[in-house]
Amino acid sequence: MVRIAKSPTKRLLLADDARFDAHVPPHRGGYHPERPERLLAAREAAAQAARPLEDGGLGVTWEPITIREATDEELARVHDAQYVEAFSKLAGKSGYLDPDTYLNEGSVRAAKSAAGALVEMVDRVRKGDAARGVALVRPPGHHARPHQAMGFCLVNNVAVAAAHARATGMKKVAIVDFDVHHGNGTQEIFYRDPSVLYVSTHQYPFYPGTGAAEERGEGEGKGATVNVPLAAGSGDAEYRDAFERHVLPAVSAFEPEMIFVSAGFDAAIADPLAEMRVSSEAFGWMTAELARAADASAGGRILLALEGGYDLASLEAGLRAAIGAL
């Protein structure tokens, strides 16, 4: 009797919570590109992925994780203690921290929960519950500096998770950021740290003004920062070239024990905040290549965290392609 092997279970960790919807602009009825509707698009991508193959889905089995707020100790691994204290005191308040970055009554709880969700995902992966996961978190994080909120970001979610992975035993981790904006906060946090590889593809010159190829780290961290600036109008071909020539060789040479992806989908053709021309299929290809890199050195361990992406249809399509690649 011939036994037909069953396909492996498509099981992914999922971080999502209503607390992330509570982060809304303080000017009720006004428009801000970093809005709760972004999560509705992301959730639709996750729901489509969970549908059976015969219904046009991907057959993914989502395993939700318990969401908790990151502790002050976890936040202080990447943010100044003074900032953590001052930020906590803003709970229940609303206003603008800079011309782009708002805060409302639920924002502190949302931001701490976004970071805490990724910490929990790291712990679940380290325990062997699953190797891969997707975090549908808001607010985004990669612009948040050690001492300052910036660019829609309050807490640097991926940096908190990477630092937690290091603090709990991993020797080397990598962060790959394909958001259209350079993750200046993530770079600054790990700029002198040889144990965390930070690789970014981004439109350049562009907000926030950092991310030149010459920015490669300092001190012991020299070489552990890899910036791949791309001209406005770049599309699938330019991103493929950037990955094949710079991103993937850097990750392969570093041999991380876990890969974190700052997954922004604002390099998409229709995104209103940038000028790139990346297709949803290319987001899938980039994620697939990073998943292969994770298979090679990290036991398959790779976590995607939502960053930017402000055209809702592009966000949904790009995230669905990335989920499929996992």
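Each value in this text was obtained by applying a stated rule to the coordinates, not by laboratory testing. In this text the structure is predicted, and so the values were computed from the model without any measurement. Cβ coordinates were reconstructed from backbone atoms using ideal geometry, including for glycine residues, and neighbour counts include every protein chain displayed.
Relative contact order of the stretch 11-325: 18 percent, from C-alpha pairs under 8 Å at least 6 residues apart in sequence. What's the center-to-center distance, using Cα atoms, between the stretch 164-236 and the stretch 74-150 in Å? So the two Cα centres are separated by 19 Å. Normalised by the number of residues in the stretch 178-326, the average gap of Cα pairs under 8 Å and 6 or more apart makes the relative contact order 23 percent. Amide H contacts of ARG145: MET150, each under 5 Å away and 5 or more positions distant or on a separate chain (H built 1.01 Å from N in the peptide plane; Pro and chain starts excluded).
With the cut-off at under 14 Å, measuring from each backbone N in the stretch 197-220 to a point 7 Å along the Cα-to-Cβ line of ASP98 picks out 206-211. For the cross-link pairs LYS127/LYS172; LYS171/LYS222; LYS112/LYS222; LYS172/LYS222, the ones whose C-alpha atoms lie over 19 Å apart are LYS112/LYS222. Listed values for the stretch 187-194 are Karplus-derived 3J(HN,Hα) couplings in whole Hz (6.51 cos²θ - 1.76 cosθ + 1.60, θ = phi - 60°), namely 4, 4, 4, 10, 5, 10, 9, x, and x replaces Gly and Pro. Over all pairs of different C-alpha atoms, the stretch 11-325 has a mean inverse distance whose reciprocal, the Kirkwood radius, equals 18.9 Å.
Taking each DSSP H run with n ≥ 4 as -39500 (n - 2.57) and averaging over every residue of the chain yields -10500 deg cm²/dmol at 222 nm. For the pair ALA81 and GLU54 in one chain, pulling the backbone fully straight at 0.36 nm per residue adds 4.6 nm over the alpha carbon distance. For the chain, the membrane-span-like helices by this rule, meaning whole DSSP H stretches whose C-alpha atoms cover at least 24 Å of axis and whose Kyte-Doolittle mean is -0.5 or above, are 107-127, 280-297; this says nothing about an actual membrane.
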